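Report on one structure; see the data block that follows.
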Amino acid sequence: MPRDCDPDVAAIPNVEVVDVDGLRGVVDVTLERRRQSIPHVEEIIAEHTERFAHWYRARVAVPVISSLVKRAEALREAELERLFARCPELTERERMLITGMSLTIVSKLLHARS
């Protein structure tokens, strides 16, 4: 640059003469590299779009799940109180084992995997 540069300038060390016409090749190579990257970029976008859609659909269920967990825990505690009231002879260890079993059952019911 500019176009009226003496071509002998290219003989100077560390100087490269590139005219506007020569830049076309650089632009073409760069554009082709970008075009080749498009499928990979589309895969990344599709993956993130799917993650977002999954999160968006799941967020609606959070209050329902939370309510279900609270209800199950309230039922579990109420049934334990009834059992312990009817069986005062149970030892502390037996009460702990029964409580642990009830927690495990509720947890498995609420977090079951298909």
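Laboratory data are not the source of any read-out in this text; all were calculated from the coordinates shown. None of the values given here were measured: they were computed from a predicted structure. Glycine gets a Cβ as well: all are built from the backbone with ideal geometry, and neighbour counts include every protein chain shown.
Rounded to the nearest 10 degrees, the angle from helix 20-86 to the longest Cα principal axis of the chain is 10 degrees. GNM, the chain, Cα, under 10 Å: largest mean-square fluctuation among PRO39, PRO63, PRO88? Checking each option, the largest mean-square fluctuation is seen for PRO88.
Here's the picture: charge each Lys and Arg Cβ at +1 and each Asp and Glu Cβ at -1 in the stretch 5-114, and of ALA85, GLY100, ALA74 the one pushed furthest to the positive end of that dipole is ALA85.
Rg to Rh for the chain: what is it, with Cα atoms only and Rh by Kirkwood? In the chain, Rg relative to Rh is 1.63. Each residue of the stretch 11-17 was assigned a 3J(HN,Hα) from its phi angle through the Karplus expression (A = 6.51, B = -1.76, C = 1.60, θ = phi - 60°), giving 6, 6, x, 6, 10, 10, 9 Hz with x at Gly and Pro.
The value of relative contact order for the chain, using C-alpha pairs under 8 Å at least six residues apart, is 16 percent.
Here the chain is assigned +1 on the Cβ of each Lys and Arg and -1 on the Cβ of each Asp and Glu. Its dipole about the Cα centre then comes out at about 1360 debye. In the stretch 36-80, the convex hull through the Cα atoms has an average projected area of 3.7 nm², a quarter of its surface area.
Taking the longest Cα principal axis of the chain as reference, the axis of helix 92-110 is set at about 40 degrees.
Across VAL18, VAL29, VAL60, mean-square fluctuation computed from a Gaussian network of the chain (C-alpha pairs under 10 Å connected) peaks at VAL18.
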